[in-house]
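See structure below.
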Amino acid sequence: MEGLVRVPVREQEPKVRATNFEEVCYGYNEEEAVAEASRCLNCKNAQCMKGCPVSINIPAFIAQVKERNFEEAYHIISESSALPAVCGRVCPQESQCEGKCIRGFKGDPVAIGKLERFVADWAREHGIKPKKAEKLNGHKVAVIGSGPAGLTCAGDLAKLGYDVTIFEALHRAGGVLSYGIPEFRLPKDKVVAAEVENVKALGVDIETNVVIGKSVKIDELMEKEGFEAVFIGSGAGLPRFMGIPGEQANGVFSANEFLTRNNLMKAFEEGYETPISHGKKVVVVGGGNVAMDAARTALRLGAEVHIVYRRGEEELPARKEEVHHAKEEGIIFDLLQNPTEILVDENGWVKGVRIIKMELGEPDASGRRSPVEIPGSEYEMDCDTVIMSLGTSPNPLISSTTKGLETNRRKCIVATEDTGATSKDGVYAGGDAVTGAATVILAMGAGKAAAKGIDEYLSGKNN
């Protein structure tokens with residue numbers, strides 16, 4: 001039957017890409033995109049849109065791709081998403097839009113993510129920008145953090161005519177898009193910087209090197225600098241560790257530090273003044289997308305890399321595509337295993353890991369089967385670097401310096417899901433600062449909801 005199989009996407013060969021930091025996936029060209037778009041059934045009651053956290057009008061943009069109206073397709077996507085070139089690359093489409101696609105019941109779902117990426121890349125290459133608001137409405141809003149939540153909230157508010165300033169702690173805008181996700185998945189200059197420029201083109205100001213809670217506090221922004229509302233999209237940058245012996249040794253990194261040194265500080269490039277220690281044998285602890293990113297980065301720096309994860313392959317939280325790419329590149333998966341101690345030499349450096357084997361017991365509250373240690377199954381693995389990728393939580397700096405801002409026991413800011421409103425009047429929050437570490441697109445959905453919440457709040461206040 002026709003249309004059951006999607007148009008394949010071209011990629012770098014595994015052996016070649018395992019030695020460079022260039023993008024793995026080449027994306028569709030015009031012919032491939034049009035061919036894939038023509039597989040879309042243009043359903044009247046489109047399920048794919050229900051699977052999209054920012055509600056892109058998916059059938060409408062794909063219909064335009066099919067007719068080669070790529071500029072119109074871009075404007076349709078831009079109505080809902082500020083970061084299409086990013087989402088087309090890093091969104092877990094298989095569990096969202098594509099997971100709901102009717103085509104997927106009998107064959108491959110339409111490659112919605114690859115089409116979104118094609119449209120965004122085409123628009124960038126042809127100098128197409130999102131449409132700016134006709135006039136400003138005279139209201140000032142501050143956005144803290146220039147990651148996916150902040151950029152989305154700022155972009156949506158700017159389109160409504162608000163005067164928006166983003167405050168970013170680091171020296172480059174983009175948040176986790178700049179420091180967290182590696183170059184080979186998300187090119188920084190070509191894609192991230194260009195998407196940030198598109199948000200600026202909507203009229204948003206971005207001030208870098210401003211640490212809210214240190215340089216200036218939220219109360220000062222509102223009382224002294226004339227901002228009528230504030231959105232906190234400061235992410236979750238505080239790494240978690242296991243609390244096992246030897247974790248303080250030299251050669252133990254959090255995935256956060258390891259990836260930030262590489263992505264933001266360009267440690268992988270020759271001649272940079274911020275190099276990173278190159279391990280020869282690296283153990284990455286964890287099974288999420290961040291663990292895959294850290295492992296694939298270490299591999300490209302020349303290491304033999306093992307991923308140690310306490311559950312089995314079915315339970316790996318990372319995207320199937322990431323696991324597939326990691327395996328193709330030669331990363332070794334040691335599953336149903338867990339470190340109990342990091343072994344340290346006389347100079348304080350990592351020399352290995354003591355690991356115990358696990359088996360899956362009964363399902364826990366989340367429905368996942370809990371790993372149980374197998375007595376007497378411990379063994380030692382030699383290594384010189386351990387990267388802990390066990391998730392992150394929000395940095396308490398903002399919550400601890402803002403009076404009246406409620407947080408929960410995990411130090412996450414408490415905010416309503418539909419508007420992002422916090423316990424403090426005029427202050428909104430969303431993304432990882434509220435949920436703990438999650439996905440780019442969920443943070444964007446939260447930024448979008450908060451922009452609507454802020455608009456309703458300020459419209460109501462000023463009427």
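The values are calculated or read from the model by the stated rules, or taken from the named source; none is laboratory data. Because the structure is predicted, anything quoted here is derived from the model rather than measured. With ideal geometry, Cβ positions are generated from the backbone for all residues, glycine too; neighbour counts draw on all protein chains shown. What goes into the accessible areas is simple: the full protein's heavy atoms, side chains included, and nothing from ligands, DNA or RNA. Shrake-Rupley method; radii C 1.70, N 1.55, O 1.52, S 1.80 Å.
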Long-range neighbours under 9 Å by Cβ, at least six apart or interchain, first residue on the phi > 0 side of the Ramachandran plot within the range 432-454, second open to solvent by less than 20 Å² (accessible area, probe 1.4 Å) and part of a loop (DSSP other than H, G, I, E, B): GLY436/ALA236; GLY436/PRO394; GLY436/CYS412
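Quick grid of which residues meet (1) under 25 Å from the mean Cα position of the chain (by Cα); (2) surrounded by 24 or more Cβ atoms within 10 Å (Cβ to Cβ); (3) touching a residue at least 24 places away in the same chain (Cβ under 8 Å):
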position	(1), (2), (3)
ALA123	yes, no, yes
ILE128	yes, no, yes
ALA133	no, no, yes
GLY138	no, no, yes
ALA142	yes, yes, yes
GLY145	yes, yes, yes
GLY155	yes, yes, yes
Taking only the range 427-439 into account, find how many residues are among the β-branched types (Val, Ile, Thr) and either open to solvent by less than 20 Å² (accessible area, probe 1.4 Å) or over 19 Å from ASN395 (Cα atoms) (or both). 1
For VAL372: the one exception among (1) under 30 Å from CYS153 (Cβ atoms); (2) out of contact with any helix residue (DSSP H, G or I) (no Cβ under 8 Å at 6 or more places or on another chain); (3) open to solvent by 40 Å² or more (accessible area, probe 1.4 Å): (1)
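Condition check ((1) charged (D, E, K, R); (2) within 24 Å of LEU390 (Cβ to Cβ)) across all residues:
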residue: LYS159; (1), (2): yes, no
residue: GLU168; (1), (2): yes, no
residue: VAL176; (1), (2): no, yes
residue: SER215; (1), (2): no, no
residue: SER234; (1), (2): no, yes
Matching helices (runs of 4 or more DSSP H) fully within the range 1-91 where at least 1 residues are open to solvent by 60 Å² or more (accessible area, probe 1.4 Å) and closer than 30 Å to VAL305 by Cα: 14-17
In contact with a strand residue (DSSP E or B) (Cβ under 9 Å, 6 or more places away or on another chain) and closer than 16 Å to GLY113 by Cα: which single residue out of VAL9, VAL34 fits that description? VAL9
So if I check each of ALA173, ALA193, which one is outside any strand (DSSP E or B) and either at pLDDT below 95 or buried (at least 24 other Cβ atoms within 10 Å of the Cβ) (or both)? ALA173
